[in-house]
Amino acid sequence: MAIIAAIICSTFIILVLTNALIDPYLKNIGNDYNFDINLFDFLEKNKENNKMYFIGDSRGEKINTVGVEELLQANNLSIEVYNLCFRNDFPRYRLIELSQILESNPRMIVYFVSLSSFIWGINDKSDNYLETRSALASDKIRMDPYARSLFSKRELDILEMDLPHLIVYKKGYLIPSIVLKLSDLGLINSSTGFSKPRTFIIHKTPINDKTATKDVLVNEYKRSQSGAYEFDNKDTDQTKAFNYIMQRLKERNISVVIIGLPVINLSISKSSKDTFLNLINKTGNPYYDLSSLCSDREFMDHMHLNSAGISKLDKKLGEILLGVVRNASQQH
């Protein structure tokens, strides 16, 4: 009896600590570990149809949603705009949140892609990345059988932990959650360095005037010459995931606009370009190729835009979406 009582008491204490300290901590710190925690919470609370989602990887994280929304409103087109982009967001990973995205009922999805969205993700199976992005929200993940088939058993073990394993996994955050709580109560002075969690609303262009060095640009060009951007396989897990996402969005009558992101000057074969364009065109969704929108001086590294590049992309994207939303509203 004493052993049973001890187990019950320990379980109770763990649950109390998890609910009172660890879960609030994970939800309110601004780092990668709470991406899916906060995203699922956001999607569950936003079921109105009058909204647009940006989806893509880190190259789209800084795109100004407020600027696009204000431009639409200035033209009597009211729609809320949210940025759900996340680093290394290959199509296969976006299956993790697909069910919740569909259920939140957006009017439109703006999907940012480039060749690297499919090439670099071919060998993307990383336990560390899945733990960072989704493990702490594994109790809310609901992938259908086809989506699950594109993940390994090891990956599914991370993404679909049962409650006891999830609680044990979370206990590693007990000490920092206590530190943050004591700091909030003013009982200790702690320079935690925590930023605010993502709200999925991007207010302004980031101030980053860094320009990619010549060495970075030359090295990436040489990599492209050696075949780093070759795309000749039309049937990878990434292309399957992308096509499935497009199919599910179509089934839900959610409009999709695909945007080809700006890239630096690269040596890419015609066959790779054709394979990519065929993949995009088969979706039947409008595609806007902005790959050559920005000069190499408007990149901060081999793939991310600096403030000048983001400003240019924001402006062009606003023009495109204004036309798309205006045409859609006239058809209804």
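Specify which of the listed residues (Ile63, Ile109) is touching a helix residue (DSSP H, G or I) at 6+ places or on another chain (Cβ under 8 Å) and assigned to a loop (DSSP other than H, G, I, E, B).
Ile63
Among the residues of the stretch 279-287, is any open to solvent by less than 60 Å² (accessible area, probe 1.4 Å), under 20 Å from the mean Cα position of the chain (by Cα) and hydroxyl-bearing (Ser, Thr, Tyr)?
Scanning the stretch 279-287 turns up at least one residue that is open to solvent by less than 60 Å² (accessible area, probe 1.4 Å), under 20 Å from the mean Cα position of the chain (by Cα) and hydroxyl-bearing (Ser, Thr, Tyr).
Arg248: open to solvent by 80 Å² or more (accessible area, probe 1.4 Å) and touching a residue at least 60 places away in the same chain (Cβ under 8 Å), yes or no?
When the stated conditions are applied, Arg248 does not pass them.
Only residues that are closer than 23 Å to Tyr93 by Cβ, open to solvent by 70 Å² or more (accessible area, probe 1.4 Å) and of a type outside the set (S, T, N, Q): list them for the stretch 199-239, please.
Glu230, Asp232, Lys234, Asp235
Based on what the data block shows, is Lys234 of a type outside the set (S, T, N, Q), out of contact with any Asp or Glu (no Cβ under 6 Å at 6 or more places or on another chain) and outside any helix (DSSP H, G or I)?
In short, yes.
Is there a residue being farther than 27 Å from Glu160 by Cβ and either of a type in the set (Asp, Glu) or modelled with pLDDT under 60 (or both) anywhere in the stretch 19-40?
Checked the stretch 19-40: no residue is farther than 27 Å from Glu160 by Cβ and either of a type in the set (Asp, Glu) or modelled with pLDDT under 60 (or both).
Identify all residues within the stretch 136-155 that are open to solvent by less than 10 Å² (accessible area, probe 1.4 Å) and out of contact with any Leu (no Cβ under 7 Å at 6 or more places or on another chain); write none if there are none.
Matches in the stretch 136-155: Ala137 only.
Here are some conditions: (1) at pLDDT below 95; (2) farther than 30 Å from Thr211 by Cβ; (3) of a type in the set (Val, Ile, Thr). Ile310 meets all but one. Which one does it not meet?
(2)
Residues being buried (at least 17 other Cβ atoms within 10 Å of the Cβ), more than 16 Å from Phe54 (Cα to Cα) and among the aliphatic types (A, V, I, L, M): count how many of those fall in the stretch 288-332.
The total comes to 5.
Restricting attention to the stretch 126-149, does a residue exist that is small (Gly, Ala, Ser), over 21 Å from Leu84 (Cα atoms), part of a helix (DSSP H, G or I) and at pLDDT 90 or above?
For the stretch 126-149, residues small (Gly, Ala, Ser), over 21 Å from Leu84 (Cα atoms), part of a helix (DSSP H, G or I) and at pLDDT 90 or above: present.
If you go through the stretch 286-332 one residue at a time, how many are over 18 Å from Glu70 (Cβ atoms), not in a loop (DSSP other than H, G, I, E, B) and not small (Gly, Ala, Ser)?
The number of residues fulfilling the criteria is 11.
Does any residue in the stretch 258-273 that is touching a residue at least 12 places away in the same chain (Cβ under 8 Å) come within less than 6 Å, Cβ to Cβ, of a residue that is acidic (Asp, Glu) six or more places away or on a different chain, and which pairs are these?
Gly260/Asp289; Ile264/Asp296; Asn265/Asp296; Ser272/Glu230
So, in the stretch 67-118, how many residues would count as being more than 21 Å from Phe40 (Cα to Cα), open to solvent by less than 50 Å² (accessible area, probe 1.4 Å) and touching a residue at least 40 places away in the same chain (Cβ under 8 Å)?
Number of matching residues: 10.
Quick one: would you say Ile245 is in contact with a Ser or Thr (Cβ under 7 Å, 6 or more places away or on another chain), closer than 21 Å to Glu61 by Cβ and not acidic (Asp, Glu)?
no
The values are calculated or read from the model by the stated rules, or taken from the named source; none is laboratory data. Predicted model, so just to flag it, every value in this text is computed and none were measured. We place every Cβ from the backbone using ideal geometry, glycine too, and count neighbours over all the protein chains shown. To get the accessible areas, we keep the full protein, side chains included, count just its heavy atoms, and leave off ligands, DNA and RNA. Shrake-Rupley method; radii C 1.70, N 1.55, O 1.52, S 1.80 Å.
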